[in-house]
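Notes for the one structure printed next.
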Amino acid sequence: MKRSTSTLLMLALLAATPIVFTACSDNDDPIDIIDNDIRNNLKGEVKSGENLILENGTYKLTGPLIVRAGGKLTIKAGVIVEATPFQDGEEIRYIAVAQEGQVLAEGTKEKPIVFTATNKTQQAWGGIVLCGKAPINKGNTANAEVSGLPYGGTAENDNSGILKYARIEYSGYSYSSEKEFNGLSMFGVGKGTTIEYIQVHEGSDDGFEWFGGTVDTKYLVATANEDDQFDWTEGWNGTNENWYGKEASSKGNRGIEADNNSNNHLANPISNPTIKNLTLIGRGAGEGLAEPQAMKLRVGTKAQIDNVVLSAWSVGFDVEHNEGVGYVADGSLKVTNVKFDNVVTKSKGKKTSPGKDADGKDIPGEPVDVSAIFTENDAATGAGAGTATPEWAKGWTVGL
């Protein structure tokens, strides 16, 4: 008879890197073992057949924690994972789940799980990276720009676990302009994964980013992230409800930046998410940036988005490249029931650049009318309460 349904690893402070221990009963059934050493030195690997359980209180993340294929990371409601400061030459702190690994992190409204940092500043740590086996358009498989883990495949219903009622704060460490952590990065994550009631707050890059995959989401909050609040690319197809994005008063780029594939705009599968109930709040038309955009839709993405509130932006919808212009015309890139509040230019578009000039610079694409991308409805409620904080986002978030 099993004495426990899961194995708790001990990551002991006996060497420069944690040593993994398991224990078994006389009949080789796993026994939960709790060792407080991991509270002050959480890093290392969770291997196949192992389940690392974070029971309660605060755990200090002192390096990368990687959940390998067949491994599980279980985090109980109310747990705080706090990344410690790192010095030059030290490994960046982050949590990554490899293909066929799982994170099982289920907080509650009263006891959300918090992924944060000792230093309450942007770039204080990496963030959370999930790598699944769902389709992407970068090739059959690829390697994540951070963590280096493989992602992509043919398993549309792949399951990387559960993230529910959790906050991710002060993340987004940047190695370079081509290698940046986001708050929550989803690489080829499948539809079997649950992503609900998640906030990414004060990140230095994007809040949420999808790199292909098929995962669905509900109840996402992105606040005060320095680049985009939401970003997708590489053929993401998911069904989503209730997103609330709000930029800080002094920083932020776009509400949504959406791509298909920058090297091949027609690469399959084509990015084509469905989003219902969306609010995006900017930092004021023209403030800080020449043209802050609620949505930048480019390099061949499609989308179907409904019930939208856009507030305090210079541009509502900015569509680029011939493919996107064509999708507006045929209705496969469409945003319906939009309420504009303090938005200077509702839509603008331009075709693909025809080439380069004598100095080698891209010639601007021809401007084109893309106003058919949206329909208006002054009664739209967006994420639930117009520009105000929706009821479902109260009680477990910060910065609202």
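Observations
- For the condition among the hydroxyl-bearing types (S, T, Y), in a strand (DSSP E or B), in contact with an Asp or Glu (Cβ under 8 Å, 6 or more places away or on another chain) and closer than 18 Å to G384 by Cα, Y219 qualifies.
- Top-ranked residue of segment 166-178 - restricted to ones that are in contact (Cβ under 8 Å) with a residue 24 or more places away in the chain and polar (S, T, N, Q), ranked as nearest to T239 (Cα to Cα): S171
- Conditions (1) of a type in the set (A, V, I, L, M); (2) modelled with pLDDT of 95 or more; (3) outside any helix (DSSP H, G or I): number failed by A372: (3)
- Some residue of segment 135-145 being open to solvent by less than 40 Å² (accessible area, probe 1.4 Å) and closer than 29 Å to T108 by Cα: no
- Checking each residue in segment 377-397 for being open to solvent by less than 30 Å² (accessible area, probe 1.4 Å), among the aliphatic types (A, V, I, L, M) and closer than 14 Å to K276 by Cα picks out A380, A383.
- Inter-residue pairs, beta-carbon under 8 Å, first at pLDDT below 95 and in segment 131-150, second β-branched (V, I, T) and not in a loop (DSSP other than H, G, I, E, B), 6+ apart: A144/V129; V146/V129; S147/I66; S147/V129
- Among the numbered conditions (1) assigned to a loop (DSSP other than H, G, I, E, B); (2) open to solvent by 10 Å² or more (accessible area, probe 1.4 Å), the only one that G213 does not meet is (2).
- Among strands (runs of 3 or more DSSP E) entirely within segment 244-345, having at least 3 residues that are open to solvent by less than 30 Å² (accessible area, probe 1.4 Å), over 15 Å from E376 (Cβ atoms) and without any contact (Cβ under 8 Å) to a residue 40 or more places away in the chain singles out 303-320.
- Within segment 346-358, being within 27 Å of the chain's Cα centre (by Cα) and open to solvent by 50 Å² or more (accessible area, probe 1.4 Å) holds for K346, K348.
- Count of segment 99-127 residues, restricted to those that are in a loop (DSSP other than H, G, I, E, B), closer than 17 Å to I75 by Cα and small (G, A, S), is 3.
- Residue match in segment 253-261 (condition: modelled with pLDDT of 95 or more and among the hydrophobic types (A, V, I, L, M, F, W, C)): yes
- Residue tally, condition open to solvent by 10 Å² or more (accessible area, probe 1.4 Å) and within 12 Å of the chain's Cα centre (by Cα), over segment 188-210: 4
- Flag if L163 is under 28 Å from A393 (Cβ atoms), crowded, with 24+ Cβ neighbours inside 10 Å, within 14 Å of the chain's Cα centre (by Cα) and touching a residue at least 60 places away in the same chain (Cβ under 8 Å): yes
- Selected residue (only one of D231, D227 is among the acidic types (D, E), crowded, with 23+ Cβ neighbours inside 10 Å and under 19 Å from Q123 (Cα atoms)): D231
- Residue satisfying condition, being out of contact with any strand residue (DSSP E or B) (no Cβ under 6 Å at 6 or more places or on another chain), in a loop (DSSP other than H, G, I, E, B) and more than 30 Å from G107 (Cβ to Cβ), within set G360, G395: G360
- Each residue in segment 150-160 was checked for being under 27 Å from K76 (Cα atoms), open to solvent by 10 Å² or more (accessible area, probe 1.4 Å) and in contact with a strand residue (DSSP E or B) (Cβ under 9 Å, 6 or more places away or on another chain), and 1 of them qualify.
The values are calculated or read from the model by the stated rules, or taken from the named source; none is laboratory data. Because the structure is predicted, anything quoted here is derived from the model rather than measured. Virtual Cβ from ideal backbone geometry, glycine too; neighbours counted across all protein chains shown. Surface areas here come from the heavy atoms of the whole protein model, side chains and all, with no ligands, DNA or RNA. Shrake-Rupley method; radii C 1.70, N 1.55, O 1.52, S 1.80 Å.
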